[in-house]
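Heads up, the thing below is written out as structure tokens.
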Amino acid sequence: MKKLLVILILTTTLFGACSDDDEGTPPPEVNIDDIVMAILDTLPNLTGNFETYPLNSVADPNINGKAVFAERSDNYSYVIISLDGTPSGGSHPAHIHNGMAPGPGDIAISLQNVDGTTGISMTEVITDDAGANVSYGALTGFDGYINVHLSDAELETLVAQGNIGANAGIVPFTVSIENVGRAFDFFQSGIFNTPVGATAPGPVLPGSGDTYQFSFYAGPSVLPGTETKLSFLTMLVASNDLFLAPLGTGIDLYDVDGNPISGDITDQVFLWDAGTELNRAPGSDDQPGPGNMPPGSGTEESANIQLLDEVGGVIPVVTTDDADMEVTIDYPAVSDLVSVSIANDGVFFTVTIENLSAGTAVETPLSPGGYLVHTSDNPIFTNSEPERGNGIEQIAEDGDPSVFSDFLIANTGLTVPLSPGVWALHEDGVNALFDSGSPDRGEGLVAIAEDGDPAALAAALAANSDVISSAVINTPDGADAPGPIGPGGSYSFTVFAKPGYNLSFAIMFIQSNDWFYTFSQGGLPLFSNGSPINGDITNSVLLYDVGSEVDQFPGAGLDQAIRQSGADTGADDENNVLRRLNFNDTDPFEIPPINQVVRVTVTPIN
């Protein structure tokens, strides 16, 4: 049975008595603790035992307070709710629910409505709503929470909420793991501007025997379903805006059998007109050269980039003479101007560009240029469309790759998907997933770090008595099925913690052999000085090497999850201890900073 305890006079300690002497003087402020203690002083048959639970704001940040469970001498209870900030005249339904906030949980015990004017609700609790007796001990050990609603007509709107009993001090947190990386257009890129053996940038001159060389890493794919291709360009200096480059599709770096290409690839290089400057005869003074006009001095043209076809062993190029008459000049075939070859050492490629134009009808230097590894067609230009303002004009007119270099830098990087993983909640002092500086325990962390498979470690955590709760992280937000998350994707999950609890997690850096994102070995405390942490905690995220497989170049290794023939196919790592990756030591691998790939946020609910 429950009944409302009506207190006609709460004593002058609470509200005071008005008199002529007090007229015009505001009443003293009375805080919630004073109100609750004054109420307890008026209640009969109390043992002096009571428990207090905070009630946190929900819909209105100005409304909060507490609930007090006071023990009676008959082993039953009074439940007092005292809220600050409730609007005068309101009536707010209150209930004790089964389970943990934020719920949803069924109503177990209905309480008296909170009076909006006083902020008070007092209920004598002897039975639950099903009629079963509820002792003080059962109530203070109850697995439940209190909801206070806006009104009987608006029960869906909560004004206050808090865990009670067995759940006291437990706070639900939403944890979000976001992939904040970019889907980059290019995997590798750079400029070439210094002939082999030279000490300073410059052109490759005809007859000099000089060459340009550049090197890069590339596997057969960057992401599933992609194929890596090479593009590059260099100016034919004896022209106004002609350049050498492959077709827009680029040069496939792997053959149909998946083998890296090698040998002469000159037949995949073509001569192009940038369409940005009027063509003149080779050697005109508005072309690059000693004593010629400064860069950008040619006659501007607003045409499209155009492939120049070879006809009968030469490439006809329409030029304009000083009398503005069109004159067709035959340039040598590409194979008479240049030789381009490629060699590989596994996934490491080297390209050599040699000038062959000495003794031809158009002896011409080759200018510095740029290269890129890509997976889409027409990444830098499209035949019969205008130049895109990305630096091709500056190379094609003046042999200057600086603008193109800026463009490449801005669009080159490693696209990193993140794999499914696990989370675990445990007490401070427990290393739930690993011990840094020691070999892996063989519980399944290797399967996450190598192959993005969380099943084994999830089972081990579920059986670990030092782990309070745990689960897999495997279904992206908004998805219906498990899978990895690419740039823009996220995972989220809820944990229930109290002071002294730490959170650990592990998800794979998929463009690696055996790396994973995590917190330090002891996990992350979810409370600081007794208060729940809140916000972006990415600065606590670390990148670890599990020490099970030899590291290959990220995004290119053939034994990495995206490119491997099967799970667990890489060579064993001689250094088999778990270790934090130091970015200074791994710079040759070009690993993106942690906060450019992943963001982890923790948000306490209520």
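Annotations for the structure displayed:
- Complete set of residues in segment 300-339 that are small (G, A, S) and within 14 Å of L244 (Cβ to Cβ): A333, S335, S339
- Residue in segment 423-445 that is at pLDDT 95 or above and among the basic types (K, R) present: yes
- Screening segment 390-494 for helices (runs of 4 or more DSSP H) wholly inside it with 3 or more residues that are of a type in the set (G, A, S) returns the ranges 402-411, 455-462.
- Number of residues in segment 490-513 that are under 23 Å from V467 (Cβ atoms) and open to solvent by less than 30 Å² (accessible area, probe 1.4 Å) equals 11.
- Looking only at residues in segment 207-221 that are open to solvent by 20 Å² or more (accessible area, probe 1.4 Å) and at pLDDT 95 or above, the one that is farthest from the chain's Cα centre (by Cα) is T211.
- Total residues in segment 320-347, condition open to solvent by less than 50 Å² (accessible area, probe 1.4 Å) and either in a loop (DSSP other than H, G, I, E, B) or not small (G, A, S) (or both): 12
- Segment 444-498 - residue that is more than 18 Å from the chain's Cα centre (by Cα) and charged (D, E, K, R) and, of those, nearest to S548 (Cα to Cα): E450
- A166 fulfils the conditions (1) of a type in the set (A, V, I, L, M); (2) open to solvent by less than 10 Å² (accessible area, probe 1.4 Å); (3) modelled with pLDDT under 95 except for a single criterion, (2).
- Search result, residues across segment 298-319 that are in contact with a helix residue (DSSP H, G or I) (Cβ under 9 Å, 6 or more places away or on another chain), assigned to a loop (DSSP other than H, G, I, E, B) and either in contact (Cβ under 8 Å) with a residue 60 or more places away in the chain or surrounded by 15 or more Cβ atoms within 10 Å (Cβ to Cβ) (or both): G298, I305, E310
- V598 being open to solvent by less than 30 Å² (accessible area, probe 1.4 Å) and either in contact with a strand residue (DSSP E or B) (Cβ under 6 Å, 6 or more places away or on another chain) or aliphatic (A, V, I, L, M) (or both): yes
- Scanning segment 247-275 for residues that are polar (S, T, N, Q) and farther than 26 Å from E385 by Cα yields N259, S262.
The values are calculated or read from the model by the stated rules, or taken from the named source; none is laboratory data. Since this is a predicted model, take the numbers as computed values, not measurements. Positions of Cβ are backbone-derived with ideal geometry, glycine not excepted, and every protein chain shown enters the neighbour counts. When the accessible area is computed, the model is the full protein with side chains, heavy atoms only, and any ligands, DNA or RNA have been set aside. Shrake-Rupley method; radii C 1.70, N 1.55, O 1.52, S 1.80 Å.
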